[in-house]
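Participant: What follows is a structure written as structure tokens; I'll ask about it next.
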């Protein structure tokens, strides 16, 4: 069964600190992995998409890593800001027909001043 | 507008009434998805459209839920005889092609009293 597990479920950090969110998946066959940011009361917004051959990808203060062998990904946030407070969702695409997308439950991040 | 548009943004209804939620995807996007998100929870897949057809509607929770898409564009999600457990945010996303990057709307928040 295709599954995406994220940890931790929630996290509180102080402004300016770094943090790392984890995503483990069992989706097969793997096509790509996406990280989304969802602000409270808003729709998710794409942060990055990683394919099988990409190990690291940065988008500003966000850096995603992918280890396709161990089926793990991480999202590292550097020098956190209050606006980083949101839910971060890991989504994996498989190559089968139909829906093809498996969503993780998300990590709820709160950045405090 | 340039993004995915959903309406209404908020809907309060009485138990037993029917509701219709509308999604206007980005022009030219062939793939369209509906998700449900209960308070504090992750996204739950409902149905996927490719053009006007729905290759995957495995996520619809009961026969009270139905969706259609016309002209390869606008989609309507209909919930008949609403129940309190239907209360959630209903998110629509579109993509240029199946498995492509997802662009989400801001959601329709449904409250069933």
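Read-outs throughout are calculated quantities, based only on the coordinates presented, and are distinct from any laboratory measurement. The model shown is predicted, which means the values in this text are computed figures rather than measured ones. Note that we place each Cβ from the backbone using ideal geometry, even for glycine, and neighbour counts take in every protein chain shown.
Participant: Among rounded, prolate and oblate, which fits chain B when a ≥ b ≥ c are the square roots of the eigenvalues of its C-alpha gyration tensor, a/c under 1.5 means rounded, and a/b larger than b/c means prolate? Display every interim value, and only then the final one.
Facilitator: Working: a/c = 1.76, a/b = 1.60, b/c = 1.10.
In terms of gyration-tensor shape, prolate.
Participant: Calculate the FRET efficiency for residue B:10 and residue A:61 from the Cβ-Cβ distance with a Förster distance of 22 Å, rounded to the nearest 0.05.
Facilitator: Efficiency for this residue pair is about 0.10.
Participant: Something else now. When only Cα pairs under 8 Å and 6 or more residues apart are kept, what is the percent relative contact order across the range B:1-59?
Facilitator: On the way: 69 pairs, mean separation 13.9, N = 59.
Once normalised by length, the contact order is 24 percent.
Participant: Name the shape class, rounded, prolate or oblate, that the alpha-carbon gyration tensor gives for the range A:42-113, where a ≥ b ≥ c are the square roots of its eigenvalues, rounded holds for a/c under 1.5, and otherwise prolate holds if a/b is larger than b/c and oblate otherwise. Could you put the intermediate results ahead of the total?
Facilitator: Details: a/c = 2.40, a/b = 1.50, b/c = 1.60.
It comes out oblate by the Cα gyration axes.
Participant: Continuing with this model, one more query. Just want the ordering: A:103, A:52, B:49, from fewest to most Cβ atoms lying within 10 Å of their own Cβ.
Facilitator: Values: A:103 20, A:52 11, B:49 24.
Fewest-to-most ranking of A:103, A:52, B:49: A:52, A:103, B:49.
Participant: Give, as ranges by residue number, the residues of the range A:2-17 whose backbone N falls under 13 Å from the point 7 Å along Cα→Cβ of residue A:112.
Facilitator: Residues passing the 13 Å test: A:11-15.
Participant: Select from B:60, B:77, B:43 the residue whose mean-square fluctuation is largest in a Gaussian network model of chain B (Cα-Cα springs shorter than 10 Å).
Facilitator: B:43
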